[in-house]
Amino acid sequence: MIIAVDRSEILRGLQILYPPEHGVIELDVLKKSGKLLTGHFDNTDKLLDEIEKYDAKNDVAAIYTGLNRIHPATFTRKDNPLKLNNKIARGQRTKSQDIERITGILFDLDPIRTNGDRKDSTTDEEHQAGLEAALWLKDRLSMMGWPEPVIGDSGNGGQLRYLTDLPATEEWSNRIKRALEAANSILPDRFRGKVEVDIAMHDRPRISKVFGTVTRKGVGTQERPHRRSKLISAPEKLEIVQLNSILKLIRAVRPADDTESPIVDKTQIVSPERTKNLAEVGTDPDVKPCIKDIALNKDIKRLEEVAAHEHQGRSPWQLSCFALAILMTRCMSFSAA
């Protein structure tokens, strides 16, 4: 028997996953017929009203929200704008070009059904395998520097939801796909043939299960019952996954001679004031006091660490070369004087 909806628990999950700066939330209701109903919300109470209303309908297979942040301009553009209607309607879904930033990575640990029907609910044993695989993957990612995620039960398996702040580009969508593939590859033998990471979760308009709602895959039998999804655990505040942690996962299964350079998203990690200080290092004729000011400001002991604050994600030899280049330039100018 499925317990009644807990509105406060749904709200808790939404508040953790969608901080105020996320802006408009897309809600998608998947009916058993395959029809998808969409609405866009900036009013939390109306969002909860619609979730609660459609969760009670037996012809609804699942309820989702959009994973990534929508660009505000999509609601004001003259050509085919999205509608901010605060209700479910037959509206249009976001497209890749409508996404402003990639703000989430979803690892969906989906059990492989022994009856061969992916559109069916899982057995209790399959369901448990998905949850255990999610906890195993969370621990492994923590060893690679990933922060604490939201851990959830999709109703059929386990899910890990991480906060990101990445450019909404095809390049980064492909990197996330490689990260999902890598996560699937590092699952231990005990999960082989039982659970897999859903690789489809890499595209920018991706949707994610609303925790606290019912998942009604298939007919729903005693062996393969419908279950209510739930939020298992979450930190008080999600931390953003660092770029190098994502690359570390990708490299976990890539050839040893792969030499892709670490990626720096300057819009995420470079603040105007630190950029200004770094520029002063390269232009002020009295470089040593300038470096000292930055060091005192950040309690930094070595020049390499000054560069690290402005260029997170670079390898140690790159940081050293960066620091050395500044010193050599200044020393040469002092000698010439």
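The values are calculated or read from the model by the stated rules, or taken from the named source; none is laboratory data. Not measured: the values here are computed from a predicted model. Ideal geometry is used to build each Cβ from the backbone, glycine not excepted, and the neighbour counts take in all protein chains shown.
Quick look at the values:
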{"item": "Flag if ARG178 is assigned by TED's automatic domain parsing to the domain that holds GLU126, buried (at least 21 other Cβ atoms within 10 Å of the Cβ) and either in a helix (DSSP H, G or I) or not β-branched (Val, Ile, Thr) (or both)", "result": "no"}
{"item": "So THR221, is it farther than 17 Å from VAL253 by Cα, out of contact with any helix residue (DSSP H, G or I) (no Cβ under 6 Å at 6 or more places or on another chain) and in the same structural domain as ASP28 (by TED's automatic domain parsing)", "result": "yes"}
{"item": "Residues that are crowded, with 22+ Cβ neighbours inside 10 Å and either over 26 Å from the mean Cα position of the chain (by Cα) or part of a strand (DSSP E or B) (or both), drawn from segment 85-109", "result": "ILE99, ILE102, THR103, GLY104, ILE105, LEU106, PHE107, ASP108, LEU109"}
{"item": "Criterion: buried (at least 19 other Cβ atoms within 10 Å of the Cβ), without any contact (Cβ under 8 Å) to a residue 40 or more places away in the chain and not β-branched (Val, Ile, Thr) - qualifying residue of LEU27, LEU11, LEU47", "result": "LEU47"}
{"item": "Yes/no for THR65 being in contact (Cβ under 8 Å) with a residue 24 or more places away in the chain, within 25 Å of the chain's Cα centre (by Cα) and closer than 25 Å to VAL150 by Cα", "result": "yes"}
{"item": "So ASP59, is it more than 27 Å from PRO149 (Cβ to Cβ), in contact with a strand residue (DSSP E or B) (Cβ under 9 Å, 6 or more places away or on another chain) and at pLDDT 95 or above", "result": "yes"}
{"item": "Looking only at segment 207-221, and only at residues there that are assigned to a loop (DSSP other than H, G, I, E, B) and either of a type in the set (Ser, Thr, Tyr) or modelled with pLDDT of 95 or more (or both), the one that is farthest from the chain's Cα centre (by Cα)", "result": "THR221"}
{"item": "Residue in segment 182-191 that is out of contact with any helix residue (DSSP H, G or I) (no Cβ under 6 Å at 6 or more places or on another chain), among the acidic types (Asp, Glu) and part of a helix (DSSP H, G or I) present", "result": "yes"}
{"item": "Filter result (over 14 Å from ALA200 (Cβ atoms) and touching a Leu at 6+ places or on another chain (Cβ under 7 Å)) within segment 158-179", "result": "GLY158, LEU160, ARG161, LEU163, TRP172"}
{"item": "Near pairs, Cβ below 6 angstrom, 6+ apart or cross-chain, from segment 233-244 (surrounded by 18 or more Cβ atoms within 10 Å (Cβ to Cβ)) to any residue that is in a helix (DSSP H, G or I)", "result": "ALA234/ILE16"}
{"item": "Conditions (1) modelled with pLDDT under 95; (2) on the phi < 0 side of the Ramachandran plot; number of the one not met by THR94", "result": "(1)"}
